[in-house]
1. For the stretch 1-79, max minus min Cα coordinate along each principal axis, in Å, sorted largest first?
2. For the chain, what relative contact order do you get, as a whole percent, if you take Cα pairs closer than 8 Å and at least 6 residues apart?
3. Beyond 11 Å, how much of the Cα-Cα pair distribution for the stretch 21-63 remains, as a whole percent?
4. Can you pull out the trypsin sites (Lys or Arg not before Pro) in the stretch 97-159 that DSSP calls coil and that have at most 15 other Cβ atoms within 10 Å?
5. Straight-line reach from Lys55: which lysines have Cα under 30 Å away, leaving out those fewer than 8 places along the same chain?
6. Considering Cα pairs under 8 angstrom that are at least six residues apart, work out the relative contact order of the stretch 40-96 and quote it in whole percent.
7. Taking Cα atoms of the stretch 58-106, Rg/Rh with Kirkwood Rh, to two decimals?
8. Sum up the charges of everything whose Cβ sits under 13 Å from the Cβ of Ala93, counting Lys and Arg as +1 and Asp and Glu as -1, but leave Ala93 out.
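Read-outs: derived from the displayed coordinates by stated rules, not from any lab. Remember, predicted model here, so these are calculated numbers, not experimental data. So basically every Cβ, Gly included, is an ideal-geometry build from the backbone, and we count neighbours across all protein chains shown.
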Amino acid sequence: GVDAVGAWSKYGPGGHDANGNEIVVAVVDGGVDITHPDLEANIWVNHGEIPNNGKDDDNNGFIDDINGWNAYNNTGAVESDYHGTHVAGTVGAVGNNGINGTGINWDVKIMAVNGSSGSTSTVLKAYGYVLKQKQLWLSSHGKQGANVVSTNSSFGVDYGDCTSNDFPAWNDMYNE
């Protein structure tokens, strides 16, 4: 189990690291309902993008990636999915607001990435997006990208052997 109350007592339910930087968790799944009332305030926003103008305003290589990326169709149009929304809620539903439930972290920012797949190319695109955002954050000293500190992928491949087929590429991306 998770001792969330113990962690909240010691560290608080906030979404910032020791230096005050916003913490981002990338939820790589079938999608996330970014308008869900318990999630909306905690959805990550790429402030360098202008919504729906068809341009890569922040020059990060992704067009209109306001709240994340859709690796299925290579757009910033993040789609909703029941499972991914449930996972995002477990990670970071707003706490103590009288609506539905509470996430492990009440104020964490959730980066929505459509990428749950058995296809290596889709998974690598999804994780490539997340990695690029972290690299941009590091190289720009927090002015671009996102301070991604964790990812969640609760999709799987039955009987996947990490040493066979394309799975070593998955491992390399996860490790990076």
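1. 45, 28, 20
2. Working: 350 pairs, mean separation 48.0, N = 176.
It comes to 27 percent, rounded to a whole number.
3. 74
4. On the way: sites: Lys109, Lys125, Lys132, Lys134, Lys143; in loops: Lys143.
Answer in residue order: Lys143.
5. Result set, ordered by chain and number: Lys109, Lys125, Lys132, Lys134, Lys143.
6. Working: 62 pairs, mean separation 14.9, N = 57.
Relative contact order for the stretch 40-96 comes out at 26 percent.
7. Details: Rg = 13.8 Å, Rh = 12.5 Å.
My calculation of the ratio gives 1.11.
8. Numbers: positive: Lys109; negative: Asp33, Asp38, Glu40, Asp107.
With Lys, Arg at +1 and Asp, Glu at -1, the neighbours total -3.
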